[in-house]
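These notes concern the structure reproduced below.
The values are calculated or read from the model by the stated rules, or taken from the named source; none is laboratory data. Remember, predicted model here, so these are calculated numbers, not experimental data. Because the Cβ atoms are built from the backbone with ideal geometry, glycine has one as well, and the counts that use them run over all protein chains shown.
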Amino acid sequence: MKTQKDKALPCRPYMLHSPIEEKLFEPHTIYIKRDDLLSPEFSGNKARKFYYYLQNDFPHIKKIVSYGSNQSNAMYSLSVLAKIKGWKFDYYVNHLPSYLGENPHGNFKHALDNGMTIHVGEDVSTAMIKKSILFIEEGGREENAEYGLKILADEIAIWKKEQGIEALNIFLPSGTGTTALYLQKNSSDCVYTTPCVGDVEYLKKQFLMLEENEKNHPFILVPSKKRHFGKLYRESYNIWLKLQDKMGIEFDLLYDPVGWLILLENPEIFQKPTLYIHQGGLIGNESMLARYQRKYD
Ligand SMILES: *Cc1c(COP(=O)(O)O)cnc(C)c1O
């Protein structure tokens, strides 16, 4: 164990606390929970989801194994976790474009820099059976995520009280839905979300895998039209620019544009003070911006 220690990042108190800012996005006033500011390395909702592993000791674990897309924010955050813990990190992808293999950038590059070993087109199921392995589902969809997300819910409750706000509407876009689900489960306010990966049925199934009691499920706003996850849309890029221009905040390019477009289609939510959760993911913008530039120049 000692020999692994010098490989680890310096031990820092990774406090889970981020500010809430009041912003104007005409004609709405909105509060933004700046989880993108948690820490540059371990930021956004992945910091919350993986906080359990950061805070506890796992003496028998030597390696993290996970799988998913080749530019995933979860992949990058797991590479940071592995580095902090002095663990190895094996990540399985179905496919690696030759362009990315030859020119690593974005989350993929930063995860490689943190020591990630990439497996392309191999079967992950044979790798996960060993006792010394911590296996993390794609996107961090797992029950231990509740630990850090309860802290988020508690932080919001304390802030609400300080502000004298009686009832709040909370909104955040979903991938696996893990963040929205555990936030709703631990909050007395109404959590609204919308699916960015898959459709409403997919998101409901994701919720049910983690929580059978539907009373604890967030309220799903139905997208007005079908969008494909990771695909580039001019309206997504435009609203991303507008958000930055009007609020001075850089949002993520994968989930947030869809989130904001759907939120703005449901203005009745703003009848109560509304809190938008910024879930980080900004390192992923490197590769998304490069793709937007190649497409629209
Ligand atoms: C991972 C991620 C999401 C999706 O989180 P889930 O818990 O899977 O719903 C949303 N936004 C950003 C920026 C993310 O990195």
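Of the candidates 221, 243, 232, 254, the single residue that is touching a residue at least 40 places away in the same chain (Cβ under 8 Å) and within 18 Å of the chain's Cα centre (by Cα) is 254.
When residue 89 is evaluated against the numbered criteria (1) at pLDDT 95 or above; (2) more than 22 Å from the chain's Cα centre (by Cα), which criterion, by number, is the only one it fails? Of (1) at pLDDT 95 or above; (2) more than 22 Å from the chain's Cα centre (by Cα), only one is false for residue 89: (2). Among the residues of the range 251-285, just one is within 14 Å of the ligand (Cβ to nearest atom) and more than 18 Å from residue 196 (Cα to Cα), namely 283.
Identify, please: which residue in the range 26-55 is buried (at least 17 other Cβ atoms within 10 Å of the Cβ) and more than 16 Å from the ligand (Cβ to nearest atom) and is, among those, nearest to residue 78 (Cα to Cα)? Step by step, filter the range 26-55, then rank; the result is 31. Could you please let me know if residue 137 is within 14 Å of the ligand (Cβ to nearest atom), charged (D, E, K, R) and out of contact with any helix residue (DSSP H, G or I) (no Cβ under 8 Å at 6 or more places or on another chain)? Criteria met by residue 137.
In the range 157-174, the condition of being assigned by TED's automatic domain parsing to the domain that holds residue 270, within 20 Å of the chain's Cα centre (by Cα) and more than 16 Å from the ligand (Cβ to nearest atom) is met by at least one residue. As a summary of the residue check, residue 107 satisfies the conditions (1) exposed (fewer than 15 other Cβ atoms within 10 Å of the Cβ); (2) over 23 Å from residue 185 (Cβ atoms); (3) within 14 Å of the ligand (Cβ to nearest atom) except for the one numbered (1). The residues on offer are 92, 147, and the sole one that is in contact (Cβ under 8 Å) with a residue 12 or more places away in the chain, under 30 Å from residue 208 (Cβ atoms) and in contact with a His (Cβ under 7 Å, 6 or more places away or on another chain) is 92. Scanning the range 30-69 for residues that are over 28 Å from residue 270 (Cβ atoms), modelled with pLDDT of 95 or more and of a type in the set (A, V, I, L, M) yields a count of 3.
Each residue in the range 259-297 was checked for being of a type outside the set (S, T, N, Q), in contact (Cβ under 8 Å) with a residue 60 or more places away in the chain, under 28 Å from residue 103 (Cα atoms) and not in a loop (DSSP other than H, G, I, E, B), and 9 of them qualify. When restricted to residues that are within 23 Å of residue 45 (Cα to Cα) and outside any strand (DSSP E or B), the range 73-114 contains 25. Tell me, yes or no, whether the range 242-250 has at least one residue that is in a loop (DSSP other than H, G, I, E, B) and within 12 Å of the ligand (Cβ to nearest atom). Yes: one or more hits.
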